[in-house]
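In what follows, a structure is listed as structure tokens, so that the remarks can point back to it.
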Amino acid sequence: MRAYRNLLKQLSEDAPEKLTRLPAEFLAAQSRWLLERDEIYVLEQVNKYVPVLAGLPMEAVARATGRALERGVVDDFCFLYAHLPPAGRPARDRIDRACARLARRGNAGGIEQIIAATGVRPVLDEETVLRSYNVLVAAGRLGAVDYMRQLSGVPVRFDADAAATGIRALLASGRHGALRKLARLADVEVRLDTREIHRAVAEAVTDGTLHDLAAALACLRPPPRIEGFTSVFRRLVSEERFAELPALFTVFTDADRESLDAPMWRRLLTSGSAPAVRFAFECCDDADLLAQQAVDAYALGVSSGDRVLVGLACERGGVPLRTEDARVLLGAALEDGDAWWLDFVAARLTALPAVDPDRAQLYLAQQAATRPQRVRRDAETLGVPWIPEVGEWLLALTEGRHEVAPASVGDTVAHPVAALVAQLPDPGDPADLTADGARAS
């Protein structure tokens, strides 16, 4: 009865020692009642202290497991499933159907739990997966989108309406990094209400994340901007938060550079914040002041990996580019496809530093996809031969397209990592599954 259910729940949570002293017959009867009425959470709590589940009929446990699966109550299902013998567990097709329902609801976490509990990787059709992408994107859950992509192998596609909804959700929740990522993925026009932006700015000022918000808003199309510069500017100055001032010029249409006097420019340049120092080198007209701070700006750019700041320190501050610094920054530049940095380094050094061959091939593949006219010249600059098969394979891996065939050089010599991948078992090979559908370790 309900009163006993509440009693067992309270004892299991607050006084488990009293729970263990209850009559066995009473606990057995109440456990059957809990199982029949799908009160699995309470049953699980009681079972932590008294092994009541072992005394229940396995047929009844199997039926309750099936009901939990059909209803999508994942925690209940996983608990019950672990106590069933292999012969009593739900068939694979039932698990597939249940996971499809979870996918359509955007419950990627539930699917992950079921896989962990059962060892069964569900087979999901493309329509179901695309529906899940829309639901997850609209909720701003980009990590779950990537999980579904890895699970299904279906390339990520989503509707513009889902992207716009997701952008608003991420803005409202202050998840600026995810907002920037979604804006770059979606490339859709989103017209945000000025009240949404004002609220986000107010929260970012309070949280100290104004720079992250500004960077995210700049990725939207069109980049939304509002008025109200003066009040926020005065607050940041009064609180001596000078490193955050550059973000205002991205967010506010009425931002005025004349409000930055010489002492403020100096505070920006000595703030230790790479974005703030970069802004000063981009916008400040005091050449002498920039020259005074150029060495420190250069060192900050190198330590923070800010290639633009390093370039500005060299161009506007007269600092010579060191070969070792160029080498450190060149690796990341090649992965990012940063042709500007390659040109910058090549123009300032008599000999280019040695580069990682795979990074060079990845860079050349990125250029071949966007600016093919650069490929031959850049390969010569880097001092490597352009091997399209390897570069395209590395680019596919970078973009998450793991199903692309491993690369080979010509027809004979395999890329060492590709050769290793080719020897791994096919994750879909039925021979890799045990008799009850669990994956063999």
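The values are calculated or read from the model by the stated rules, or taken from the named source; none is laboratory data. Not measured: the values here are computed from a predicted model. Don't worry about glycine lacking a Cβ; one is built from the backbone with ideal geometry, like all the others, and counts go over all protein chains shown. Note: areas computed on protein heavy atoms with side chains; ligands, DNA, RNA excluded. Shrake-Rupley method; radii C 1.70, N 1.55, O 1.52, S 1.80 Å.
At 0.36 nm per residue, minus the direct Cα-Cα distance, what do Asp187 and Thr270 gain on full extension? Give it in nm, one decimal, please.
Working: separation 83, 0.36 × 83 = 29.88 nm, distance 3.62 nm.
Gain in length upon complete extension: 26.3 nm.
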Residues of region 74-96 with backbone nitrogen within less than 12 Å of a virtual label 7 Å along the Cα-to-Cβ line of Val123, please, listed as ranges. 92-94, 96
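So what is the relative contact order of region 55-198, in percent, for Cα pairs below 8 Å that sit 6 or more residues apart?
16
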Cα centroid separation, region 249-291 to region 1-42 (Å): 67
Please compute P(r) over all alpha-carbon pairs of region 66-115, binned at 5 Å starting from zero, and give each bin as a whole-number percent. 4, 23, 36, 25, 8, 3, 0
Per-selection Rg to Rh, region 110-249 - Cα, Kirkwood hydrodynamic radius: 1.10
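Taking 56 Å as R0, compute the FRET efficiency from the Cβ-Cβ separation of Arg199 and Gln150 and round it to 0.05.
Once the sixth-power term is evaluated, E becomes 0.95.
Treating only the Cβ atoms of Lys and Arg (+1) and Asp and Glu (-1) as charged, compute the dipole magnitude of region 44-94 about its Cα centre; round to the nearest 20 debye.
Working: 7 positive and 6 negative charges, 19 e Å.
Roughly 80 debye, rounded to the nearest 20.
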With R₀ set to 25 angstrom, the calculated FRET efficiency between the beta-carbons of Trp340 and Ala396, to the nearest 0.05, is 0.55
In Å³ per residue, the alpha-carbon convex hull of region 53-191 encloses 107
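Per residue, how large is the accessible surface of the chain? Use a 1.4 angstrom probe and give square angstrom.
Working: 22560 Å² over 441 residues.
Value returned for the chain: 51 Å² of accessible area per residue.
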So what is log10(I(q)/I(0)) for region 238-366 at q = 0.17, 0.22 1/Å, when the Debye sum runs over its Cα atoms only? -0.87, -1.20
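Note the per residue figure in Å³ for the convex hull of the C-alpha positions in the chain.
On the way: hull volume 93.7 nm³, N = 441.
Dividing the Cα hull volume of the chain by its residue count gives 212 Å³.
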On the formula 1/(1 + (r/R0)^6), with r taken between the Cβ atoms of Thr20 and Glu59 and R0 of 30 Å, the FRET efficiency rounded to 0.05 is 0.65
Cα→Cβ-extended label distance, 7 Å offset, between Arg157 and Asn6, nm: 5.4
Could you work out the relative contact order of the chain? I mean the mean sequence separation of Cα pairs under 8 Å and 6+ apart, divided by the number of residues, in percent. 7
So, with a 1.4 angstrom probe, what is the percent of accessible area on the chain that is carbon and sulfur? 51
Across the alpha-carbon set of region 257-321, Rg over Rh with Rh taken as the Kirkwood radius works out to 0.93
Hey, rough spin-label estimate for Asp254 and Arg234, points 7 angstrom out along Cα→Cβ, what's it come to in nanometres? 1.2
Please name whichever of Val295, Pro263, Leu236 sits farthest to the positive end of the charge dipole of region 234-300, dipole taken about the Cα centre and charges placed at Cβ: Lys and Arg +1, Asp and Glu -1. Leu236
Quickly work out the Ala262-to-Gln292 label distance, labels modelled 7 Å from Cα along the C-beta direction, and quote it in nm with one decimal. 0.8
Can you bin every Cα-Cα distance in region 1-132 into 10 Å intervals starting at zero and give me the percent of pairs per bin, rounded to whole numbers? 12, 40, 27, 16, 4, 0
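How far, in nm, would the chain grow between Glu70 and Gln373 when pulled straight, counting 0.36 nm per residue and subtracting the alpha carbon separation? Don't skip to the answer; put the middle values down first.
Values: separation 303, 0.36 × 303 = 109.08 nm, distance 5.62 nm.
That works out to 103.5 nm of additional length.
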